[in-house]
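One structure below.
What follows draws every value from the coordinates through simple rules; no lab data is involved. The shown structure was predicted, so the numbers you read here are calculated from the model rather than taken from an experiment. Note: ideal-geometry Cβ built from the backbone for every residue, glycine included; neighbour counts use all protein chains shown.
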Amino acid sequence: MTTAEENALRLEIQELGGLANVRQTEGRYAEAESLYRRALAMAKAAFAPGDLDIAALLNGLGVLHKYQGRYDDAEPVYRHALAIAEASLDPGHPDLATLYHNLGGLEHARGRAAAGEPWARRSVELRERALGPDHPDVAADKAALAAILDAQGRFAEAEALYGEALAVFEKFYGPEHYEVAVNLNNLAAIRQAQGEAGQAEDFYRRALAIKEKFLGTDHPDTAITVHNLATLLAGAGRTAEAAALYGRALAVFESALGEEHPHTVVCREALAGLR
């Protein structure tokens with residue numbers, strides 16, 4: 001293969017990976033997986049096993065599997081990507097932080113927050129050294145670490161990190177960006193855990209408005225905030241409102257994620273408990 005042919009093939013593979021990421025962002029997970037696997041097959045056939053384009057596609061597939069609730073499928077894919085990246089990149093390269101971030105997030109999604117904390121801390125430390133404290137990627141790492149601390153009941157530490165991340169996101173992206181919505185959702189959960197229902201509801205509703213604007217009402221990520229708001233209202237005795245929101249979230253989860261996804265199961269059980 002000539003250099004020009006290799007460059008053309010790499011561009012085609014990267015475009016497939018980019019399209020897969022778009023489909024994932026849209027919540028079209030089956031299409032995204034098909035595109036990732038097609039791109040991976042092409043890359044593995046053409047390039048050496050330690051090629052960084054393969055690592056990038058594996059990372060994307062791992063993220064997709066996490067969203068699909070296929071946690072046991074995500075871990076070996078992430079670790080394969082990490083092995084390639086660690087063998088190819090300088091130990092301080094920020095791309096390694098992305099994989100540390102994702103491995104920490106996977107443990108958090110599995111309900112193993114303590115196991116995810118070392119990964120999340122490594123991502124913050126590495127990326128902050130490389131990019132400085134005010135970079136939005138560093139803020140995303142801090143927000144991920146905050147979620148892990150939040151899940152362990154370490155609310156003060158988590159809230160401080162969420163606050164740092166939110167300030168950076170609002171500065172770089174403005175007050176109605178998706179990353180702002182994610183942080184508002186997570187801050188709402190802390191307020192909810194501390195019994196501050198009024199502020200929690202305000203944060204959830206602000207997060208929901210942003211997600212509906214950017215993702216639409218039928219996206220599973222939007223449905224997560226709908227579900228969280230429903231749980232808050234159920235705890236406040238606002239049963240009719242909560243049931244309507246649970247029903248809305250459940251319809252999205254069943255359609256986009258399937259009957260057995262963890263989000264679907266939890267939402268179905270919560271709605272059944274109200275009834």
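Compared with the direct C-alpha span, the chain from A41 to E157 gains 37.5 nm at full extension, assuming 0.36 nm per residue. Length gained on full extension, S255 to L52: 69.6 nm, using 0.36 nm per residue less the C-alpha separation. Relative to the dominant Cα principal axis of the chain, helix 262-274 is inclined by about 10°. Counting only DSSP H runs of at least 4 residues, each contributing -39500 (n - 2.57), and dividing by the residue count of the chain, the helix-based mean residue ellipticity at 222 nm comes to -28000 deg cm²/dmol. For the range 38-76, list residues with backbone N below 12 Å from a point placed 7 Å from the Cα of H93 toward its Cβ? Within reach of a label on H93, which here means backbone N under 12 Å from a point 7 Å along Cα→Cβ, the range 38-76 contributes 50-56.
What's the angle, to the nearest 10 degrees (0 to 90), between helix 239-256's Cα axis and the longest principal axis of the chain? Approximately 20 degrees, to the nearest ten. Each of R23, R154 was scored by other Cβ atoms within 10 Å of its Cβ. Arranged with the fewest first, they read R154, R23.
Between helix 178-193 and the chain there is an angle of about 40 degrees, using the helix long axis and the longest principal axis of the Cα atoms.
Between Y173 and E241, the contour length at 0.36 nm per residue exceeds the alpha carbon distance by 21.3 nm. Panel order for K211, K44, by other beta carbons found within 10 Å of each beta carbon, from fewest to most: K44, K211. Set against the labelled values [x] 67, 39, 33; [y] 56, 45, 35; [z] 55, 39, 37, Cα extents along the principal axes in Å computed from this structure falls on [x]. Each of L52, Y162, T222 was scored by the projection of its Cα onto the charge dipole of the chain, and the greatest displacement toward the positive side belongs to T222; charges sit on the C-beta of Lys, Arg, Asp and Glu. When only alpha carbons are used to place a centre, the range 208-231 and the range 30-105 end up 27 Å from one another. For the chain, the dipole from Cβ point charges (+1 on Lys and Arg, -1 on Asp and Glu) about the Cα centre works out to 560 debye, to the nearest 20.
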